Amino acid sequence: MNKRINLIISNEKYQEYLKKNAEYEDKRGFCTHDLDHFLDTARIGYILNLEKGLGIPKDIIYGAALLHDIGKWKQYKDNISHEIASVSLSGEILEKAEYSSDEITKIQTAILSHRDSAVEEEDTLAGILFVADKLSRKCFECVMEKECDWSEARKNKQITY
Ligand SMILES: [Fe+2]
């Protein structure tokens, strides 16, 4: 069940992209896009999936969460929206982690809409990823909160999970 999750984590390219995110966010005061954020998003996503009884397999949720911001460094480097960059970097990693082409399409669709509030209410992988991504952030203890461009409604001011 967890084999494919660990194939993502141990993928050389995945490790390289994590390092690139860290390099570009070295001096960033706002939220970072690192493995902690990806795992928080995955675990909250899995909790939501269980609470809602959606039955989405764990490694599909983790696949989406572990990769949803993996192209953030490209946004800093080339000004490409990171959901688009993350989709393009995710394909090869997911293939090597033995996801089927149907599963890769589902995961990439969710990654592509993870900043689109239109999916927020959906009981789908995309909806779970959107909500878990926001709930993973610790706005309640963030010293940059006043300068953050997230809307007040979006900020996570209380612990839910
Ligand atoms: Fe994120």
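Key figures for this structure:
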{"item": "Leading residue at positive end of dipole, the chain (Cβ point charges), from 86, 144, 110", "result": "144"}
{"item": "Computed helical MRE - 222 nm, the chain, DSSP H runs ≥ 4 contributing -39500 (n - 2.57), nearest 500", "result": "-18000 deg cm²/dmol"}
{"item": "37 °C / 0.692 mPa s Stokes-Einstein diffusion coefficient of region 74-133, Kirkwood radius on C-alpha pairs, µm²/s", "result": "273 µm²/s"}
{"item": "Charge dipole magnitude, Cβ of K and R +1, D and E -1 - the chain, Cα centre, debye nearest 20", "result": "280 debye"}
{"item": "Mean separation of Cα contacts under 8 Å, 6 or more apart, over the residue count of region 1-149: relative contact order %", "result": "26 percent"}
{"item": "Partners for residue 138 among aspartates and glutamates (Cα-Cα distance below 18 Å; same-chain residues under 8 apart left out)", "result": "25, 34, 36, 40, 69, 147, 149, 152"}
{"item": "Cut-off of 10 Å, at most 10 other beta carbons, DSSP loop: longest stretch of the chain lacking such GluC sites (Glu not before Pro)", "result": "1-120"}
{"item": "Cα shape, the chain, gyration tensor, a/c 1.5 rule", "result": "oblate"}
{"item": "Proximal aspartates and glutamates to residue 3, defined as alpha-carbon separation beneath 14 angstrom and excluding residues fewer than eight positions away on the same chain", "result": "59, 95, 98"}
{"item": "Sequence of 56, 70 once ranked by neighbouring C-beta atoms within 10 Å, starting from the fewest", "result": "56, 70"}
{"item": "Net dipole in debye of region 6-56 [+1 Lys, Arg Cβ; -1 Asp, Glu Cβ; about Cα centre; nearest 20]", "result": "120 debye"}
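Taken together, the values in this text are just the output of simple stated rules run on the coordinates, not laboratory data. If you're wondering where the values come from, they're calculated on a predicted model, not measured in any experiment. Heads up, the Cβs are rebuilt from the backbone with ideal geometry, glycines too, and the neighbour counts pull from every protein chain shown.
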